[in-house]
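Enquirer: For reference, the structure I am asking about is given below.
The values are calculated or read from the model by the stated rules, or taken from the named source; none is laboratory data. Computed from a predicted structure; not experimentally measured. A quick note on method: Cβ atoms are made from the backbone with ideal geometry, for glycine too, and the neighbour counts reach across all protein chains shown. For accessibility, only protein heavy atoms count, side chains too; no ligands or nucleic acids. Shrake-Rupley method; radii C 1.70, N 1.55, O 1.52, S 1.80 Å.
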Amino acid sequence: MRFTLIAVVAGLGGLLFGYDTGVISGALLFIRHVFHLGATMQGVVVAIALAAAAVGAAFAGTLSDRFGRRPVLLVTALIFVAGALLSAAAWSVAALLAGRVMVGAGIGVASMLTPLYLSEIAPPAKRGAIVTINQFYITLGIVLSYGVGFLLSHSPEGWRWMLGVGCIPGIILFIGMLTLPESPRWLAGKGRDDEARRALLYLRDGGNIDDEMHDLHQDLATTGKRTPWSALFTSRARKPLIIGVGLAIFQQITGINTVIYFAPTIFEKAGLPSASISILATAGVGAVNVIMTLVAMRLLDIVGRRKLLLFGLAGMLVTLLILSVAFMIGLHGGLALVTVLSVAAYVAFFAIGLGPVFWLLIAEIFPLAVRGRGMSLATIANWSFNMLVSITFLDLVKGLGRGPTFLIYAAMTLATIVFTWFLVPETKGRSLEQIEAALEGDAKLAT
Ligand code: BGC
């Protein structure tokens, strides 16, 4: 019970990730009029937070190794609060961008540190499920941001509240983190054994922790040493690196965030009658995302990662093709309905495959000694390509049209299917050591 409560508080980092990346879609409908933003500048408002997130992810590992997970998460919560308030009060484009940079840096740190802290405080047997809880929180944050967006969509100044409300989970995270212990693994790694024992005792509600302390020490003996970044590029880590960074890039260039960030704009253009109805349709799509992530959590360990990933990708390909054709032929009157349904189906297929499977696989495939660095590099790639897609989307639509733009994402999805088919192993039911050995020996797991 105590652990569940702790996971709920620590997971708020994922909620902030989702809320702060999702809220911009609704806010943008108003901001672009207030500050007279063209297509490129709208892209910049979205993308600047993502660039800051890539930088945040790059520093999160090093900072939290040095100062501890807890202090860095506490400072991150404060940065979130300050960034949300600054964006809400923005009196100029520059102030808005400064606020978005702060929020973005916070998201980047949280996207690395939330799963890291959760995995370090979790009982070993529950680690896998907890990695996917983070994705669940992300989708919950996104749908909350849409809900807030809808409620506030009638007031011209509502966008300020949409951005400002982000400070509430930030404050809760800060207060919550004050009551949580430092990661026992980090404390033991620093030689602070007594404190590590006390933290673990608290986390396990006073239960027997001797075995876990023993495992922790053994684990640290093999993985606690400082590994240089260059260790990532040895032949042992090459295949996991290609899979991890490859999936990070594919997760973004198949277009998910054009929908997450710009859905109301897409729906408006497809003929939905008003901004608030577009935001409401977007909230529906966000709910589908949450529900299908819950379904994925149940299925991942039964059906397997590879099968779910391929199934989800096939579904994404079909729905993107429908979307593309619908926009190209114009579908008089029916376009709005076809668009909303295909977008919802596309998100459902992402949520059951590429969404959770990417974050899960990068926690599973790297050799222990380079897991942190490998995850960090994959996370940086993920945010960088997130930015690239977001900044080019509106310009692509303007230059090529909606139909051809979605056709490009369909082609990328086809490439992801080929990549997955030939390279991505099944990891279900295997120990991390077995996965490591199989990838190293280049054994074919993928059958
Ligand atoms: C992705 C995010 C995306 C979210 C949507 C995550 O797995 O990394 O970029 O916004 O899923 O649910």
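Enquirer: Once you charge only the Cβ atoms, +1 for Lys and Arg and -1 for Asp and Glu, what is the size of the charge dipole of the range 290-447 about its Cα centre, to the nearest 20 debye? Intermediate values should be presented prior to the final figure.
Expert: Numbers: 11 positive and 8 negative charges, 49 e Å.
Using only the charged Cβ atoms, the result is roughly 240 debye.
Enquirer: Using Cα pairs closer than 8 Å and at least 6 residues apart in sequence, work out the relative contact order for the range 60-113, in percent. Walk me through the intermediate numbers first.
Expert: Working: 50 pairs, mean separation 22.0, N = 54.
It comes to 41 percent, rounded to a whole number.
Enquirer: Any idea how far apart residue 230 and residue 95 come out in nm if each label point goes 7 Å out from Cα toward Cβ?
Expert: If labels sit at residue 230 and residue 95, their model points lie 5.0 nm apart.
Enquirer: For Cα pairs less than 8 Å apart in space and 6+ apart in sequence, what is the mean separation divided by the residue count of the chain, i.e. the relative contact order in percent?
Expert: 23 percent
Enquirer: Which FRET efficiency value, to the nearest 0.05, is calculated for residue 430 and residue 198 with the Förster distance at 22 angstrom and r the Cβ-Cβ distance?
Expert: Rounded to the nearest 0.05, the efficiency is 0.05.
Enquirer: A further question on this structure: With only Lys, Arg, Asp and Glu charged, each at its Cβ (+1 for the first two, -1 for the last two), find how big the charge dipole of the chain is about the Cα centre; round to the nearest 20 debye.
Expert: Numbers: 32 positive and 23 negative charges, 83 e Å.
Using only the charged Cβ atoms, the result is roughly 400 debye.
Enquirer: Between 373, 298, 70, find the one with the highest GNM mean-square fluctuation for the chain; connect C-alpha pairs within less than 10 Å.
Expert: Judging by the Gaussian network model, the answer is 298.
Enquirer: Round to a whole angstrom and tell me the spacing of the C-alpha centers of the range 308-322 and the range 132-173.
Expert: 28 Å
Enquirer: Based on the Cα atoms of the range 1-74, what semi-axes does the equivalent ellipsoid have, where each is the square root of 5 times one gyration tensor eigenvalue, given in whole Å with the largest first?
Expert: 32, 17, 7
Enquirer: Okay, next question. Please arrange 159, 186 by accessible surface area, largest first, computed with a 1.4 Å probe and ligands excluded.
Expert: Listed by decreasing accessible area, they come as 186, 159.
Enquirer: Still on this structure, please answer the following. Can you tell me the Rg and Dmax of the range 317-356, counting just the alpha carbons, in angstroms?
Expert: Cα only, the range 317-356: 11.0, 36 Å (Rg, Dmax).
Enquirer: Stokes-Einstein diffusion coefficient for the range 294-447 at 4 °C in a medium of 1.567 mPa s, Rh from the Kirkwood formula over Cα pairs: what value in µm²/s?
Expert: So the translational diffusion coefficient is about 76 µm²/s.
Enquirer: Using a ≥ b ≥ c from the Cα gyration tensor of the range 59-156 (square roots of the eigenvalues), is it rounded, prolate or oblate, where a/c under 1.5 gives rounded and otherwise the larger of a/b and b/c decides, a/b for prolate?
Expert: The shape class here is oblate.
Enquirer: Tell me the accessible surface of residue 193 in square angstrom (1.4 angstrom probe, heavy atoms of protein chains only), to the nearest ten.
Expert: Ignoring ligands and nucleic acids, residue 193 comes out at about 60 Å².
Enquirer: Still on this structure, I have one more. Given the alpha-carbon gyration tensor of the range 1-127, what are the semi-axes of its equivalent ellipsoid in whole angstrom, ordered largest first, with each equal to the square root of 5 times an eigenvalue?
Expert: Rounded to whole Å, the semi-axes are 31, 14, 12.
Enquirer: Taking every pair of distinct Cα atoms and averaging 1/r, then inverting, what Kirkwood hydrodynamic radius in Å comes out for the range 222-307?
Expert: Kirkwood radius, the range 222-307: 16.7 Å.
Enquirer: What's the center-to-center distance, using Cα atoms, between the range 33-96 and the range 339-353 in Å?
Expert: 28 Å
Enquirer: What share of Cα pairs, in percent, lie more than 40 angstrom apart in the chain? It would help to have the intermediate numbers written out before the result.
Expert: Working: 16317 of 99681 pairs.
Summing the P(r) tail past 40 Å for the chain gives 16 percent.
Enquirer: With unit charges on the beta carbons (Lys and Arg positive, Asp and Glu negative) and the dipole taken about the Cα centre of the range 186-344, which residue among 287, 337, 253 sits farthest to the positive side?
Expert: Checked the options; the winner is 253.
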